[in-house]
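Reading through the structure tokens given below for one structure.
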Amino acid sequence: MTQDDGDLDGLVRKRIRALRVAQGWSLEELAARARISQSTLSRIENGQRRLALDQLVTLARALDTSLDQLVETAADDVVSYPTVDAAHGQLRWLMKAEPGMSVVRQRMTNPPPDKLSRMRAHPGREWLVVLSGTAILLLGNRRFRIETNQAAEFPTMLPHAIGTESGPCEILGIFDRDARRGHQRGATG
């Protein structure tokens with residue numbers, strides 16, 4: 001199967017090359033990180049070598065991505081629809097997911113929790129920009145008021161929660177890989 005076939009195989013090969021180039025790595029550098037030969041990597045990228053699952057797993061790790069992201073089919077959706085979290089008064093739009101980070105736009109209507117025990121802590125780092133309204137960031141025992149066009153950056157190992165001061169608030173949140181995982185675990189369990 002060659003890269004020109006336009007199927008999943010070709011898409012995966014293009015992604016491997018694109019991720020390598022985006023990192024600024026030569027064939028030699030990625031091959032060393034993946035512990036495969038440079039010629040094998042070259043043949044994988046140009047469609048002259050069969051894609052093997054064990055090599056895809058190794059390449060995904062070396063490229064700092066997941067196997068799922070490497071092999072997912074191309075999405076035709078341009079418009080994203082929010083997920084509703086009525087319990088927390090939030091709408092979330094996943095704006096971008098890259099290896100190592102996620103960008104999410106959120107609309108919140110509830111204030112932050114009033115108890116430290118309801119705040120979360122997990123590995124990672126978060127950044128947020130308030131698009132409209134006023135957000136309240138609770139970080140440990142500290143309370144920060146963040147207004148429209150202001151931003152905050154903080155380590156997520158500190159107990160934290162975000163809510164609104166009065167009325168709806170929209171934020172753009174950026175999560176590193178660890179922070180994203182911490183929020184995914186918190187949302188599912």
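The values are calculated or read from the model by the stated rules, or taken from the named source; none is laboratory data. Keep in mind that what you see is a predicted model, and the values were worked out from it rather than measured. Don't worry about glycine lacking a Cβ; one is built from the backbone with ideal geometry, like all the others, and counts go over all protein chains shown.
Go through the stretch 145-169 and give me each residue that's assigned to a loop (DSSP other than H, G, I, E, B), over 21 Å from the mean Cα position of the chain (by Cα) and more than 21 Å from Ala87 (Cβ to Cβ).
Once the filter is applied, which keeps residues that are assigned to a loop (DSSP other than H, G, I, E, B), over 21 Å from the mean Cα position of the chain (by Cα) and more than 21 Å from Ala87 (Cβ to Cβ), the stretch 145-169 yields Thr148, Asn149, Gln150.
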How many of the residues in the stretch 23-33 are closer than 21 Å to Asp68 by Cα and modelled with pLDDT under 90? 1
Complete set of residues in the stretch 134-167 that are within 12 Å of Pro111 (Cα to Cα) and surrounded by 13 or more Cβ atoms within 10 Å (Cβ to Cβ): Thr134, Ala135, Ile136, Leu137, Leu138, Ala161, Ile162, Gly163, Thr164, Glu165
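In this structure, does Arg107 turn out to be modelled with pLDDT of 85 or more, in a loop (DSSP other than H, G, I, E, B) and basic (Lys, Arg)? Can you show your working first?
Working: modelled with pLDDT of 85 or more: yes; in a loop (DSSP other than H, G, I, E, B): no; basic (Lys, Arg): yes.
So Arg107 does not fit the description; no.
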Within the set of pairs 6 or more residues apart or between chains, which connect a residue that is without any contact (Cβ under 8 Å) to a residue 24 or more places away in the chain inside the stretch 8-27 to a residue that is among the acidic types (Asp, Glu) and surrounded by 14 or more Cβ atoms within 10 Å (Cβ to Cβ) with Cβ atoms less than 8 Å apart? Leu27/Glu45
Being part of a loop (DSSP other than H, G, I, E, B), farther than 20 Å from Met101 by Cα, at pLDDT below 90 and charged (D, E, K, R) is the filter here; which residues of the stretch 34-69 pass it? Arg49, Arg50
Mind telling me which of the residues Ala18, Ala31, Ala22 ends up being touching a helix residue (DSSP H, G or I) at 6+ places or on another chain (Cβ under 7 Å) and assigned to a helix (DSSP H, G or I)? Ala31
Quick check on Glu72: is it of a type in the set (Asp, Glu) and at pLDDT 80 or above? no
